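**Student:** First the structure, then my questions, so here it is.
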Amino acid sequence: MRSGNRQLIRDINRSLVLNLIKNRGPISRTDIARLSGLSLATVSGITSDLIAENLVYEKEEGESTGGRRPILLALNHRARYVIGIKLMEHQITAALTDLNAAVLHRITSPLEDGQDVSRTVEALAETVEGLADRAGIEWEKMVGVGIGLAGVIDSVRGVCRYSPILNWRHVPLRDLLEERIQIPVYIDNDVNTLTMAEKLLGIGQGIDDFLTVTVGRGVGMGIVVNGQFYRGARGAGGEFGHTVIDPEGPLCSCGKRGCLEAYVSDPAIVRMAQEAVQRGELPIVPTELSAERVVALAQEGNDTARRILSHAGHVLGMGIANLINVFNPSLIIVTGEGVRAGDMLFGPMRDAVQRYEFANLAEDTEIVVQEWGDDAWARGAASLVLQEIFKPPVYESEPVSLAVSVS
Ligand SMILES: [Zn+2]
């Protein structure tokens, strides 16, 4: 056996034990051996390493079977830390989390309009360093930084292929930031990071086939098929917002006509409201036009505002029915800023799903509308790093080191 293989087997066993402690802990060494199929001696060797690294600690609270109470092992969630970032057009939202993706500290830094790539990278680095500083976390305990951003992201190569919001094309963001802050950086589409958080920590746990649809500034989608993330051949899959509903329809941000996004996103709602204002049907001062304002008026019972949201919901439902027909998922999570419209949007959406689904496939799919917040995005971005830590090394492209040098 090549020595490289032996090291790989050791890494796989370590990952197996670490995951059992994370998922089943507090757990005894005997149970880890039984569940993993490893010998008790191997388990003891690995766990003493994990304890020495402070990643795992001993708890004396197992149930006694007559004799001494067994010693149980649990994951030390505060042994290492991760930073999750949502990079937006005008701001950086960053959160420091523990290994359980619990948000401990957060900061928001503004970004100037149209600033270049190097200044954005510098702003990201300063945000990360500032957050670690404020939280009083030693840099050595920082495992990595995960960044979610809108656009077409090649997460394997760490390249932003296209971001209309930042006006970026082929920006190697991962390498640029890694070079600056000297810890691993992972980037992905912001909707994928959110989907990852649902899979690791949220209602997607243990569900093999589910979709996340986000509604807000744009319309995005994350895809989990057979328990695996699906990104497409070049990592650009899931552009649900740019599926065409009507080729004669309104202009979309992508330059084409009649994309789903051009009916459902916040800018689409603002556009429809603007048209209604011009017709004198909606009492909003043009300078105060916003999706929030439309929702507020609809809540006050304004018929035109309600019709706008209901139309958006109807088109969204059509799109979701198509997704159900293609994927037959057991769960669709709908989230994002657009959730604020509540039943005024999602009532018509559910009606349209019933109308356009095929052969009662919708019966198999639970649709959950999920409350949304900045923490969700940050936890999602942090999950980018966390899933690397806990995933078996055989799948790793680049291993993540959890070792902390003790000086
Ligand atoms: Zn489009």
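The values are calculated or read from the model by the stated rules, or taken from the named source; none is laboratory data. Just so it is clear, the structure is predicted and the values come from calculations on it, not from any experiment. All Cβ positions, even for glycine, are placed from backbone atoms using ideal geometry, and neighbour counts span all protein chains on display. Keep in mind that these areas ignore ligands, DNA and RNA; they rest on the heavy atoms of the full protein, side chains included. Shrake-Rupley method; radii C 1.70, N 1.55, O 1.52, S 1.80 Å.
**Student:** What aspartates and glutamates does Lys141 reach when the alpha-carbon gap must be under 14 Å and sequence neighbours fewer than 8 apart in one chain are set aside?
**Tutor:** Correct list for Lys141: Glu53, Asp98, Glu129, Asp133.
**Student:** Same structure again: Can you give me the distance in nm between label points at Leu251 and Arg69, each placed 7 Å from the Cα along the Cα-to-Cβ direction?
**Tutor:** 7.0
**Student:** A further question on this structure: With point charges of +1 on the Cβ of Lys and Arg and -1 on the Cβ of Asp and Glu, referenced to the Cα centre of the chain, which listed residue (Val82, Ile183, Leu38) lies farthest in the positive direction of the dipole?
**Tutor:** Leu38
**Student:** Starting from the Cα-Cα distance between Val225 and Arg157, subtract it from 0.36 nm times their residue separation and give me the gain in nm to one decimal.
**Tutor:** Difference between extended and current length: 22.3 nm.
**Student:** At 20 angstrom or more along the helix axis (alpha-carbon based) and mean Kyte-Doolittle of 1.0 or higher, what helices does the chain contain? Whole DSSP H runs only.
**Tutor:** The qualifying helices: there are none.
**Student:** Ser118 to Gln278: extension gain in nm, 0.36 nm per residue of separation minus the Cα-Cα distance?
**Tutor:** Here the segment from Ser118 to Gln278 would lengthen by 53.4 nm.
**Student:** Could you tell me, in Å, what Rg and Dmax come out for the Cα atoms of the chain?
**Tutor:** Final numbers for Rg and Dmax: 23.7, 82 Å.
**Student:** Separate question: What distance in nm separates the simple spin-label points at Asp343 and Lys141, each placed 7 Å from Cα in the Cβ direction?
**Tutor:** 4.7
**Student:** State the volume of the convex hull built on the alpha-carbon positions of the stretch 3-139, expressed per residue in Å³ and rounded to an integer.
**Tutor:** Enclosed volume per residue, from the Cα hull, is 151 Å³.
**Student:** Could you name the aspartates and glutamates whose alpha carbon sits less than 16 Å from that of Lys256, not counting residues in the same chain fewer than 8 places away?
**Tutor:** Within the straight-line cut-off, Lys256 pairs with Glu239, Asp246, Glu248.
**Student:** Give me the 1.4 Å probe accessible area per residue for the stretch 144-221, excluding ligands and nucleic acids, in Å².
**Tutor:** On a per-residue basis, the stretch 144-221 sits at 37 Å².
**Student:** Ignoring ligands, DNA and RNA, what percent of the accessible area of the chain is carbon or sulfur (1.4 Å)?
**Tutor:** So the carbon and sulfur contribution to the accessible surface is 48 percent.
**Student:** While we're on this one: Would you mind checking which residues have amide H under 5 Å from Gln91's amide H? H placed 1.01 Å from N; only 5 or more apart, or other chain.
**Tutor:** Leu111
**Student:** Of Ala262, Ala52, Leu282, which is farthest along the charge dipole of the chain in the positive direction, counting Lys and Arg as +1 and Asp and Glu as -1 at C-beta?
**Tutor:** Ala52
**Student:** Additional query: Solvent-accessible area per residue for the stretch 1-120 at a 1.4 Å probe radius, Å²?
**Tutor:** Result: 54 Å² per residue.
**Student:** What nm value, rounded to one decimal, do you get for the distance between Asn5 and His242 when each label is placed 7 Å out toward the C-beta?
**Tutor:** 4.5
**Student:** Over the stretch 3-75, one equal point on each Cα, no solvent: what is log10 I(q)/I(0) by the Debye formula at q = 0.16 Å⁻¹?
**Tutor:** At q = 0.16 Å⁻¹ the computed log10 ratios are -0.53.
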